[in-house]
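Asks: Got a structure here, written out as structure tokens. Questions coming.
Please treat every number below as a calculation from the coordinates, not as lab data. All values derive from a computational prediction rather than experimental measurement. Heads up, the Cβs are rebuilt from the backbone with ideal geometry, glycines too, and the neighbour counts pull from every protein chain shown.
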Amino acid sequence: MKKNWVGYAFISPWIIGFLVFTLYPFLASFYFAFTRYDIVSPPHWVGMTNYRMLFTTDPQFWKALGVTFRFAACAVPLGVVLGVGLALLLNLNLRGMSLFRTIFYLPSIVPTIATAFVFLWILNPEIGLVNRLLKNFGIEGPAWLQDTAWAPWSLVLMSLWGVGGSMVIYLAGLKDIPTHLYEAAIIDGASPFQRLRHITLPMLTPVIFFNVVMGVIGAFQYFTEAYVMTRGGPEDSTLFYALYLFQRAWRYLDMGYASAMAWILFLVVMVLTSLIFRSQRRWVHYEG
Amino acid sequence: MKAEENGTSTRRQWIRNAVGITAATALGGYAAFSGGARRIRKGRKEVRLWHLLGAEWLEPVERAVARYNESQSRYEVVPLLITDSEADSKLLLSVAGNDPPDVMLVWTQGTSVWGSGGLLQPLDTFMTPEERQRFLTEAYPVVRKSGWYRGHLYGITMGFDLFVCYYRPEHFREAGLDPDRFPATLEEVVEVGKKLDRFDSSKHITRLGFLPQTWENYVASFGGNFYDEKTGQVTLNTPENLRALEFLVETRKRLGLNEVIRFQSGLPSDSGASWPFISGTFSITVDGEWRVEQMRRSAPKLEYRTIPIPPPAGGKSLASFSSINYLVIPRGARNPEGGWEFTKFWTGLDDPEAAAEFFPWYGWMPLFPRSAKTPVYEAWLKTVPQYRTFLRVAESENIVTTPPVPYQLYLMDWITRADDLAMRGTLTPRQALEQLEADVARERQRRRDLGYAE
């Protein structure tokens with residue numbers, strides 16, 4: 001320990017930051033979840049009341065949970081399919097491929113807020129790009145973000161805009177697949193589809209697994225786009241869990257209630273992640 | 001041994017360098033971020049003012065602050081612009097962190113929420129008996145009633161919004177109507193609006209004659225309210241409130257929800273000269289008093305008129321909803337007395353005549369009719385005669401504001417939600433109000449169970 005103190009001194013900013021800004025709030029929120037707390041007055045112990053109310057008397061809680069589950073169920077698989085698909089296309093040995101890779105990756109590094117504002121215009125029913133394009137084909141596009149039926153799908157569509165981030169990881173995974181497997185398959189007369197089905201996808205499953213886990217966690221924390229673009233509307237159709245939690249905490253000064261919500265979210269994500277981990281034995285193939 | 005010494009010496013040098021670089025970075029950062037701090041004149045106490053008045057309002061605020069700083073030698077007000085979206089959380093965190101401003105201008109209609117939560121200091125405790133008397137007898141009715149919670153004043157009005165009809169006379173003439181004879185009832189305004197509507201070849205709206213929107217803006221005209229001052233109870237599902245909502249829904253049906261959404265989403269922002277009323281996209285619209293000054297600056301030659309919202313049959317005249325800008329003094333303020341002194345100066349509580357000059361700078365309503373009768377205010381009114389309509393409405397008792405209950409932010413969010421549900425046709429107006437009442441009752445019960453103040 002004495003020998004390493006210089007090393008500890010150098011990483012102390014991170015250690016202090018972690019203790020003060022992550023570990024302490026994490027533990028404190030566990031306590032606040034059992035209190036009535038408005039951040040200004042001292043917390044007042046209320047036992048399980050916050051949890052009881054969330055489960056028994058708060059329809060918004062269930063609504064928010066449902067919206068988030070539906071979003072995760074759509075956005076994560078679509079993100080995987082599109083990410084893998086793009087990576088396969090960008091893995092071809094064609095001229096100028098590095099340029100295409102850059103182009104597809106670029107959207108994922110644009111700040112979320114900027115993307116949200118761009119999409120507010122793109123999805124504008126009257127002057128937006130999407131509806132103008134549709135109009136060229138004689139299709140009257142929907143009101144996207146103002147339409148109860150379309151608003152959640154608009155956000156799913158928008159989430160695919162940032163698929164370049166996971167695509168790069170898939171691409172790295174594809175590069176990692178040993179070429180001798182393909183060579184052997186070609187000698188055996190395997191068609192391109194068979195090679196994809198029996199070599200590429202199985203060998204890519206560890207990367208897909210990683211992206212699914214990260215995608216599910218990200219989907220349950222979905223906030224910024226909904227906060228900027230829809231504020232949970234129309235008619236609560238985009239009332240994501242994190243958005244409702246934020247409203248309860250910062251608008252209605254119900255930090256105790258919001259802390260209980262945060263812990264439920266934590267448990268939901270933990271359960272889902274562990275289920276995905278348990279399922280990996282059936283579909284994830286590791287080399288060797 | 002020597003190698004060990006060398007190693008120790010190199011390590012020491014390393015640490016010295018690391019400490020030096022860290023200290024230099026910290027000092028550099030401090031210098032960079034403290035560069036904008038204003039110097040406090042000797043012998044004065046600093047008063048930190050946080051406000052939300054950016055863009056064209058920033059310069060007038062700084063002018064008012066400079067005027068105050070020159071008017072006395074005890075305090076130095078230092079204004080800081082806070083963005084609207086983060087103002088509430090900044091206030092909350094500053095109080096929690098025990099470093100709040102000494103006075104803050106807020107827009108959120110949440111003084112009861114913050115007052116009941118202990119975020120704000122009651123301003124009535126700073127008032128002298130004379131100031132209290134002046135405030136309660138001389139201020140406009142809506143001003144003297146607003147900002148109170150459980151007998152304490154947690155926010156003092158600094159400008160308040162009222163809503164009246166704006167209309168374009170040339171559209172009336174073009175449609176063969178007499179602009180000097182504006183309809184006397186709300187129902188007649190709807191009929192006139194139909195004559196002023198314009199559509200393109202695809203039957204999409206290009207100009208909206210009149211489309212009443214936002215339930216809260218019409219509740220007062222129908223004789224409704226969201227709060228009963230006598231009983232101290234929230235009133236939601238009342239016949240008057242229902243009539244107001246039904247009126248809005250019926251009028252919307254004429255054009256169709258999707259068509260209205262489409263039309264509105266194609267409108268530009270409503271700031272400066274972009275406001276669609278200026279471009280002629282609306283013929284009659286209900287909007288607030290700040291538009292008058294906006295149009296004086298952005299479209300000085302535009303012909304337009306204002307008139308109080310005509311009452312519906314059996315309704316109330318000179319009625320409006322009002323949202324209010326409040327000056328508040330947060331708990332834990334280092335210099336609340338200084339904050340209060342500036343508040344009195346800026347609002348005109350200590351001298352309504354002297355403060356009169358500030359309000360035209362923003363195009364805001366003063367707190368006292370006396371301010372509006374000063375030569376400086378009269379001179380401004382001559383340049384914007386349309387503003388007199390707002391002063392007439394301000395004298396009225398038929399003004400509805402956000403109920404002073406500790407869950408008022410929740411309440412207003414749910415009122416907006418009920419409005420939306422009814423307008424979209426998801427629920428009938430009656431169902432929307434029944435659901436609103438049930439939702440609010442459930443929230444109140446939840447708060448009771450958690451031990452929050454009622």
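Asks: Over 22 Å, how big is the tail of the calculated P(r) for the stretch A:59-190, in percent of all Cα pairs?
Replies: Working: 4679 of 8646 pairs.
Above the 22 Å cut-off, the stretch A:59-190 has 54 percent of its Cα pairs.
Asks: Another one. For a test of the definition: using alpha carbon positions, the gyration tensor, and the 1.5 limit on a/c, classify the stretch B:234-276 as rounded, prolate or oblate. All intermediate terms of the calculation are to be shown ahead of the outcome.
Replies: Numbers: a/c = 3.82, a/b = 1.78, b/c = 2.14.
Oblate.
Asks: Quick one: plug the Kirkwood hydrodynamic radius of the stretch B:163-321 (C-alpha pairs) into Stokes-Einstein at 25 °C, 0.890 mPa s, and report D in µm²/s. Please report the intermediate quantities before stating the final value.
Replies: Working: Rh = 16.6 Å.
In µm²/s, the coefficient is 148.
Asks: Given charges of +1 on the Cβ of Lys and Arg and -1 on the Cβ of Asp and Glu, with all other atoms neutral, how large is the dipole of the stretch A:58-283 about its Cα centre, in debye to the nearest 20? Intermediate values should be presented prior to the final figure.
Replies: On the way: 15 positive and 11 negative charges, 86 e Å.
Magnitude of the dipole: close to 420 debye.
Asks: Averaged over peptide B:444-454, how many Cβ atoms belonging to another chain are found within 10 Å of each residue's Cβ?
Replies: 4
Asks: Go through A:250-259, A:276-285, B:228-237 and give me the packing order, highest mean Cβ count within 10 Å leading.
Replies: In decreasing order of mean packing, A:250-259, A:276-285, B:228-237 become A:250-259, B:228-237, A:276-285.
Asks: Largest first and in whole Å, what are the equivalent-ellipsoid semi-axes of chain B based on the Cα gyration tensor, each being the root of 5 times an eigenvalue? Present the calculation step by step, with values, prior to reporting the outcome.
Replies: Working: eigenvalues 407, 149, 134 Å².
They are 45, 27, 26 Å, listed from largest to smallest.
Asks: Just to be sure I understand the model, the point goes 7 Å from the Cα along the line to the Cβ. What's the resulting B:Glu187 to B:Glu246 distance in nm?
Replies: Calculated label separation equals 1.2 nm.
Asks: So how strong a dipole does the stretch B:198-289 carry about its Cα centre when Lys and Arg Cβ are +1 and Asp and Glu Cβ are -1, to the nearest 20 debye? Could the numbers behind the result be given before it?
Replies: Values: 9 positive and 11 negative charges, 101 e Å.
The calculated dipole for the stretch B:198-289 is roughly 480 debye.
Asks: Let me make sure I get this right: for the stretch B:233-375, a, b and c are the square roots of the gyration tensor eigenvalues over alpha carbons, sorted descending. Under 1.5 in a/c it's rounded, otherwise prolate if a/b > b/c, else oblate. Which is it? All intermediate terms of the calculation are to be shown ahead of the outcome.
Replies: Values: a/c = 2.02, a/b = 1.51, b/c = 1.33.
Cα axes put the stretch B:233-375 in the prolate bin.
Asks: Tell me, B:Phe342, B:Phe172 in order of fewest to most beta-carbon neighbours within 10 Å? Intermediate values should be presented prior to the final figure.
Replies: Values: B:Phe342 24, B:Phe172 21.
By the 10 Å Cβ count, ascending, the order reads B:Phe172, B:Phe342.
Asks: What FRET efficiency comes out for B:Ser298 versus B:Thr137 if R0 is 35 angstrom and r is the Cβ-Cβ distance? Round to the nearest 0.05. All intermediate terms of the calculation are to be shown ahead of the outcome.
Replies: On the way: r = 38 Å, r/R0 = 1.08.
E between B:Ser298 and B:Thr137, to the nearest 0.05, is 0.40.
Asks: Among B:Tyr410, B:Thr125, A:Leu160, pick out the residue whose Cα is farthest towards the positive end of the charge dipole of the protein assembly as shown, where Lys and Arg carry +1 and Asp and Glu carry -1 on C-beta, about the Cα centre.
Replies: A:Leu160
Asks: Additional query: So who's got an amide H within less than 5 Å of the one on B:Cys165, skipping anything under 5 residues away but keeping other chains? H placed 1.01 Å off N, in plane.
Replies: Residues meeting the amide H criterion: B:Ile307, B:Ile309.
Asks: List the residues, sorted by chain then number, that are 5 or more residues from B:Gly288 or on another chain and whose placed amide H is less than 5 Å from its amide H.
Replies: none
Asks: Calculate the spin-label point distance for A:Ile187 paired with A:Tyr8, positioning each point 7 Å from the Cα along the beta-carbon direction, and give it in nanometres.
Replies: The modelled label-to-label distance comes out at 5.7 nm.
Asks: Taking 0.36 nm per residue of sequence separation and subtracting the Cα-Cα distance, how much length would be gained by fully extending the chain between B:Thr125 and B:Glu170, in nm to one decimal? Mind dumping the intermediate values first?
Replies: Working: separation 45, 0.36 × 45 = 16.20 nm, distance 5.25 nm.
10.9 nm is the gain from fully extending B:Thr125 to B:Glu170.
Asks: Let's see if you can work this out: charge +1 on each Lys and Arg Cβ, -1 on each Asp and Glu Cβ, no other charges. What is the dipole magnitude of the protein assembly as shown about its Cα centre, in debye to the nearest 20? Each step should come with its number before you reach the end.
Replies: Numbers: 75 positive and 70 negative charges, 400 e Å.
Using only the charged Cβ atoms, the result is roughly 1920 debye.
Asks: Shifting gears a bit: Per residue of A:170-176, how many C-beta atoms from partner chains lie within 10 Å of its own C-beta, taken as a mean? List each step's numbers first, then the result.
Replies: Numbers: counts 0, 0, 0, 0, 0, 0, 0.
Across the residues of A:170-176, the mean count of other-chain Cβ atoms within 10 Å is 0.
Asks: Something else: With everything on Cα atoms, drop me the angle between helix A:59-89 and the longest principal axis of chain A, reported from 0 to 90° to the nearest 10.
Replies: Once rounded, the angle reads 20 degrees.
Asks: With the cut-off at 1.5 for a/c, could you classify the stretch B:394-454 from its C-alpha gyration tensor as rounded, prolate or oblate?
Replies: Details: a/c = 2.70, a/b = 1.09, b/c = 2.49.
Oblate is the answer for the stretch B:394-454, as a/c is 1.5 or above yet b/c matches or exceeds a/b.
Asks: Let me ask you something else. Between their Cα atoms, which of B:Lys45/B:Lys344; A:Lys135/B:Lys194; B:Lys195/B:Lys253; B:Lys253/B:Lys301; B:Lys195/B:Lys382; B:Lys145/B:Lys382 are more than 24 Å away from each other? Could the numbers behind the result be given before it?
Replies: Values: B:Lys45/B:Lys344 17 Å; A:Lys135/B:Lys194 28 Å; B:Lys195/B:Lys253 16 Å; B:Lys253/B:Lys301 35 Å; B:Lys195/B:Lys382 32 Å; B:Lys145/B:Lys382 29 Å.
Beyond 24 Å: A:Lys135/B:Lys194; B:Lys253/B:Lys301; B:Lys195/B:Lys382; B:Lys145/B:Lys382.
Asks: Shielding by partners for B:261-267, please: the mean number of other protein chain Cβ atoms within 10 Å of each residue's Cβ. Show your work: numbers first, answer last.
Replies: Details: counts 8, 8, 2, 4, 12, 5, 2.
Partner-chain Cβ atoms within 10 Å, mean over residues of B:261-267: 6.
Asks: Another question, if that's okay. Among B:371-383, A:13-25, what's the highest-first ranking by average C-beta atoms within 10 angstrom per residue?
Replies: Details: B:371-383: 15.9, A:13-25: 10.8.
Ranked by mean Cβ neighbours within 10 Å, highest first: B:371-383, A:13-25.
Asks: Moving to a separate point now. Using the basic label-point model (7 angstrom from Cα toward the beta carbon), what is the A:Trp62 to A:Leu160 distance in nanometres?
Replies: Taking the simple label geometry, A:Trp62 and A:Leu160 are separated by 3.2 nm.
Asks: Ratio of Rg to Rh for the stretch A:58-283, alpha carbon only, Kirkwood?
Replies: Details: Rg = 20.3 Å, Rh = 19.6 Å.
Rounded to two decimals, Rg over Rh is 1.03.
Asks: Calculate the FRET efficiency for B:Arg442 and A:Leu89 from the Cβ-Cβ distance with a Förster distance of 60 Å, rounded to the nearest 0.05.
Replies: Details: r = 52 Å, r/R0 = 0.87.
With R0 = 60 Å, the Cβ-Cβ based efficiency is 0.70.
Asks: Contact order normalised by length for the stretch A:58-283, with contacts defined as Cα pairs under 8 Å and 6 or more residues apart; what percent is it? The partial results should precede the final answer.
Replies: Values: 226 pairs, mean separation 65.3, N = 226.
Over the stretch A:58-283, the number comes to 29 percent.
Asks: Have a look at the DSSP beta bridges in the protein assembly as shown and tell me what percent are antiparallel, nearest 5. Show your work: numbers first, answer last.
Replies: Working: 23 of 35 bridges.
Given both bridge residues lie in the protein assembly as shown, the antiparallel proportion sits at roughly 65 percent.
Asks: Taking the Cβ-Cβ separation of A:Thr148 and A:Arg197 as r and a Förster radius of 30 Å, what is the calculated FRET efficiency to the nearest 0.05?
Replies: On the way: r = 40 Å, r/R0 = 1.32.
That pair, A:Thr148 with A:Arg197, gives E of 0.15.
Asks: Charges on Cβ only, +1 for Lys and Arg, -1 for Asp and Glu, centred on the Cα centroid of the stretch B:163-321; of B:Leu242, B:Gly272, B:Phe210, which one is farthest towards the dipole's positive end?
Replies: Looking along the dipole axis, the top candidate is B:Gly272.
Asks: Say a paramagnetic label sat at a point 7 Å from the Cα of B:Gln72, along Cα to Cβ; which residues of the stretch B:39-58 have their backbone N under 16 Å from it?
Replies: Within reach of a label on B:Gln72, which here means backbone N under 16 Å from a point 7 Å along Cα→Cβ, the stretch B:39-58 contributes B:41, B:43-49.
Asks: To continue, here is another question. Just name one of A:Ile139, B:Thr285, A:Val110: the one whose Cα is farthest towards the positive end of the charge dipole of the protein assembly as shown (beta-carbon charges, Lys/Arg +1, Asp/Glu -1).
Replies: Going by the Cα projections, it comes out as A:Val110.
Asks: What lysines does A:Lys3 reach when the alpha-carbon gap must be under 21 Å and sequence neighbours fewer than 8 apart in one chain are set aside?
Replies: Result set, ordered by chain and number: B:Lys2.
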